[in-house]
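Chemist: Questions regarding the structure given below will be posed in turn.
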Amino acid sequence: MTIGQLVRSLPAAAFVLGALARPFTPEDLVQTNRLSGSIAVSPNSASIAYIQAHYSIEEKRQYTQLFVQALTDNHPHRGSSRPVKLIEFSADARPNPPSAHKEDDDEFAGGPKKHLKPSQPVWLSDTSLGFVVTDPGTGKSTLYSVRSGKGRWSKPRPVVAMAVPISDLHFSTESGILAFTAEVYNSTDSLVETAKLDYHEKLRADTGQTYDDLWVRHWDTFVSSKVPQIYTLSLKVKDKDHFKPKGEPINVISSANANGRLEASNSFTLSPTGRHIAFVAKYPGHDYAWKTTSHVYLAGVDGSGAEPINPGKGGASSSPAFSGDGTKIAYVQMAATAYEADRNQIKIYDIANNTTTEVAADWDRSPSHVLWSDDDTLLATYNEWGRNKLAKVDIATGAISPIVSEHSVGSVQQLPGTSKLLIDYSALDSPTDIYTVSIDDGAMSRVSQLNPKLASEVFLSAPEDVTFTGAANSTIHGFLLRPPNFDSQKKYPLAFVIHGGPQSSFTDGWSPRWNLNIFAAAGFVTVALDPQG
């Protein structure tokens, strides 16, 4: 499918006559179906799993649903690609609800009712799917699994319980290692110890905190004595894809030579063999509060040898990705140490030789995410003139070859064993959906229809590019959206929408927060610019 064909396939009201559709409302916006968290791809690339969230104003309930969907082109039976709802949880969304009837709050589709709010789907095999349920009362997380067989899915079965909430799950079918993050007290190793300290914190009669460094508050949140750190746990197959834990969770970060809080981001990945892990962490020090410097660390999943691969000066690091053979790590890093909006530069670290090379050093764009296509090519997402684009990057020459150049590409992951990628994709006049895209020619195929009725019921204004020359002869770019049934002979009020920055940008992508179509639908000619400086 070409970009032009894809644009025409988007459920945007730009393709619906304004006279036949009603204006978009805030009620429409808050009730759109949304992806929650990351999309999980099965090891054989035949299926995906994702969480869909939905709020109902009429029912005053928040719904959380776990879906599995076959990728038709990759599925051995090439059957229907309609999503299958495995679990649906709902809860009263009012701030002070009356006495709740818990038996009405959730159910397992096709089976007995369960009190399970699913999150963090992760494939444990081609036919077994894991997901996390966190008890809001106790704070404990439990990994459950469901298994597919004879065209049906089994009831949820607990695999392992954790003493604290966990997130950012990764699983290696090669090694049987489950990796995840958990917020723990920096001086502790076990999750149980953190849970005990949490319990004693709740017994305190005061809320005072003592700080002995300048990292006191980030934006509007006071810094906690707990930090996100990475743990690994070995899972073994018990019988017929039933998994059980072997041993206790291991703190991968505890072996790092860091005198102070080592705070890991959720930007981590397992090696192809599942025996090593690359993660990003900000190194502690007296300048922690005003320096952006963070490093990519390489460690064994057993917690051994956590050392930075890019020690020394430099700004924030992100997006580590192992090569297919596990011998190299690609990542991006800013050069400035105290500037959050510096340009990301692509680097490749050779593990055996302990050397680092820059890729596409002269490319005047700032890639936000990189991954490997093959030994000679990287894939990168980047912002350019209001579009979040996807391109191939030739490692040897630095040549950039666009794959997707319109609208906004969100998350990107490879479909193992294929020449395709799985992306989430949106536009200012189209909510996020899931697509596959060919690495070779950019052909796209739609996978999901999260809001199938929106296009036929609601008018959404298509964005128009606006450019003019600003200070220092710079080109200023932005978007203009017209209200429904716009008449060029009439005067309209102007909504001039301003964002913070400069490290953010108005993009041709859907947002449940800063949604420009809400202003246009209210009768405003809406202008959103990326200002200079």
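Chemist: Filter the GluC sites (Glu not before Pro) in the stretch 172-202 down to the DSSP loop ones having no more than 13 other Cβ atoms within 10 Å, then list what survives.
Modeler: E174
Chemist: Oh, and also: Using only Cα atoms, what Kirkwood radius does the stretch 299-357 have, in angstroms? Intermediate results must be reported in sequence, preceding the final value.
Modeler: Values: mean 1/r = 0.0804 Å⁻¹.
Roughly 12.4 Å, rounded to one decimal.
Chemist: Evaluate E = 1/(1 + (r/R0)^6) for K453 and D364, where r is the Cβ-Cβ distance and R0 equals 35 Å; express this FRET efficiency to the nearest 0.05.
Modeler: Rounded to the nearest 0.05, the efficiency is 0.25.
Chemist: Roughly how many percent of the accessible protein surface of the chain is carbon and sulfur, given a 1.4 Å probe and a whole-percent answer?
Modeler: The C+S portion of the solvent-accessible surface of the chain is 50 percent.
Chemist: What shape does the stretch 379-533 have by the C-alpha gyration tensor, where a ≥ b ≥ c are the square roots of the eigenvalues, rounded means a/c under 1.5, and otherwise prolate means a/b greater than b/c and oblate the rest?
Modeler: Oblate is the answer for the stretch 379-533, as a/c is 1.5 or above yet b/c matches or exceeds a/b.
Chemist: Which of the listed residues, S154, L390, F180, is farthest toward the dipole's positive end in the chain, when Lys, Arg count +1 and Asp, Glu count -1 at the beta-carbon?
Modeler: S154
Chemist: Also, I was wondering about something else. Along each of the three principal axes of the Cα atoms of the stretch 115-165, give the extent in whole Å, ordering the values from largest to smallest.
Modeler: Extents along the principal axes: 37, 19, 14 Å.
Chemist: Can I ask one more? Which entries of K282/K313; K420/K453; K140/K238; K313/K347; K140/K226 show an alpha-carbon separation above 18 angstrom in the structure shown?
Modeler: Violating the 18 Å Cα-Cα cut-off are K420/K453; K140/K238.
Chemist: Give me the extension gain from T357 to I498: residue separation times 0.36 nm, minus the current Cα-Cα distance, reported in nm with one decimal.
Modeler: Contour length minus the Cα-Cα distance gives 46.9 nm.
Chemist: So what does I253 come to for accessible area, using a 1.4 Å probe and Å² rounded to 10?
Modeler: About 10 Å², ignoring ligands and nucleic acids.
Chemist: Follow-up question, since we're still on this one. Report, ordered by chain and residue number, the aspartates and glutamates lying within cross-link reach of K291, taken as a straight Cα distance under 13 Å and ignoring same-chain residues fewer than 8 apart.
Modeler: Correct list for K291: E340, D342.
Chemist: Where in the stretch 35-75 does the amide nitrogen come within less than 13 Å of the point 7 Å from the Cα of W514, taken along Cα to Cβ?
Modeler: Once the point is set 7 Å along Cα→Cβ of W514, nothing inside the stretch 35-75 turns out to lie under 13 Å by backbone N.
Chemist: Please work out the average accessible area per residue across the stretch 234-365, using the 1.4 Å probe convention, and give it in Å². Could you put the intermediate results ahead of the total?
Modeler: Working: 6180 Å² over 132 residues.
Averaged over the residues of the stretch 234-365, the accessible area is 47 Å².
Chemist: If you don't mind, there's one more thing I want to ask. Where a Cα-Cα gap under 26 Å defines reach, which lysines qualify for K240, not counting those fewer than 8 residues away within the same chain?
Modeler: K85, K113, K114, K117, K150, K155
Chemist: Here's something else I'd like to know. Taking the stretch 404-456, which trypsin sites (Lys or Arg not before Pro) meet the DSSP loop condition and have no more than 12 other C-beta atoms within 10 Å? Mind showing how you got there, number by number?
Modeler: Details: sites: K420, R446, K453; in loops: K453.
For trypsin sites (Lys or Arg not before Pro) across the stretch 404-456 that sit outside H, G, I, E and B with at most 12 neighbouring Cβ atoms in 10 Å, the list reads K453.
Chemist: Suppose R0 equals 45 Å. What FRET efficiency, 1/(1 + (r/R0)^6) with r the Cβ-Cβ distance, do D441 and Q489 give to the nearest 0.05?
Modeler: That gives a FRET efficiency of 0.50.
Chemist: Same structure again: Please compute the volume of the convex hull spanned by the alpha-carbon atoms of the stretch 248-361 and report it per residue in Å³.
Modeler: Hull volume normalised by residue count: 104 Å³.
Chemist: Next up: Give the Cα extents of the stretch 403-447 along the principal axes, in whole Å, largest first.
Modeler: 33, 16, 15
Chemist: Could you state the number of Å between the C-alpha centres of the stretch 421-470 and the stretch 190-220?
Modeler: Cα centroid to Cα centroid, the span is 43 Å.
Chemist: Mind listing which trypsin sites (Lys or Arg not before Pro) in the stretch 132-177 are in a DSSP loop and have 14 or fewer other Cβ atoms within 10 Å?
Modeler: K150
Chemist: In Å², and per residue, what accessible area does the stretch 143-232 have when probed at 1.4 Å with the other protein chains present?
Modeler: With the other protein chains kept in place, the stretch 143-232 gives 60 Å² per residue.
Chemist: Right, here's the next one. What do you reckon, how do E340, E406 stack up by accessible area (1.4 Å probe), largest on top?
Modeler: Of E340, E406, the descending order of accessible area is E340, E406.
Chemist: Can you tell me the FRET efficiency between H115 and A53 if r is taken as the Cβ-Cβ distance and R0 is 22 Å, rounded to the nearest 0.05?
Modeler: That gives a FRET efficiency of 0.80.
Chemist: Here's another thing I want to ask about it. For volume of the Cα convex hull per residue in Å³, the choices are (i) 180; (ii) 214; (iii) 237; which was calculated from the structure?
Modeler: (i)
Chemist: As a test question: what accessible area, to the nearest 10 Å², does H218 have when a 1.4 Å probe is rolled over all protein chains in place?
Modeler: The value for H218 is about 90 Å².
Chemist: So between R217 and E201, what do we pick up on full extension, going 0.36 nm a residue minus the alpha carbon distance?
Modeler: Working: separation 16, 0.36 × 16 = 5.76 nm, distance 1.95 nm.
Between R217 and E201, full extension yields an extra 3.8 nm.
Chemist: What accessible area per residue, rounded to a whole number of Å², is obtained for the stretch 383-441 using a probe radius of 1.4 Å?
Modeler: Per residue, the stretch 383-441 has 34 Å² of solvent-accessible surface.
Chemist: A further question on this structure: At 0.36 nm per residue, and after removing the present C-alpha to C-alpha distance, how many nm does the segment from S187 to K246 gain when stretched out fully?
Modeler: Between S187 and K246, full extension yields an extra 18.8 nm.
Chemist: So, one more: Quick one: accessible surface of F222, probe radius 1.4 Å, all protein chains present, in square angstrom to the nearest 10.
Modeler: Rounded to the nearest 10, that gives 130 Å².
The values are calculated or read from the model by the stated rules, or taken from the named source; none is laboratory data. In this text, all values refer to a predicted model and were calculated from it rather than measured experimentally. Note: ideal-geometry Cβ built from the backbone for every residue, glycine included; neighbour counts use all protein chains shown. Heads up: the accessible areas ignore ligands, DNA and RNA and are worked out on the full protein's heavy atoms, side chains in. Shrake-Rupley method; radii C 1.70, N 1.55, O 1.52, S 1.80 Å.
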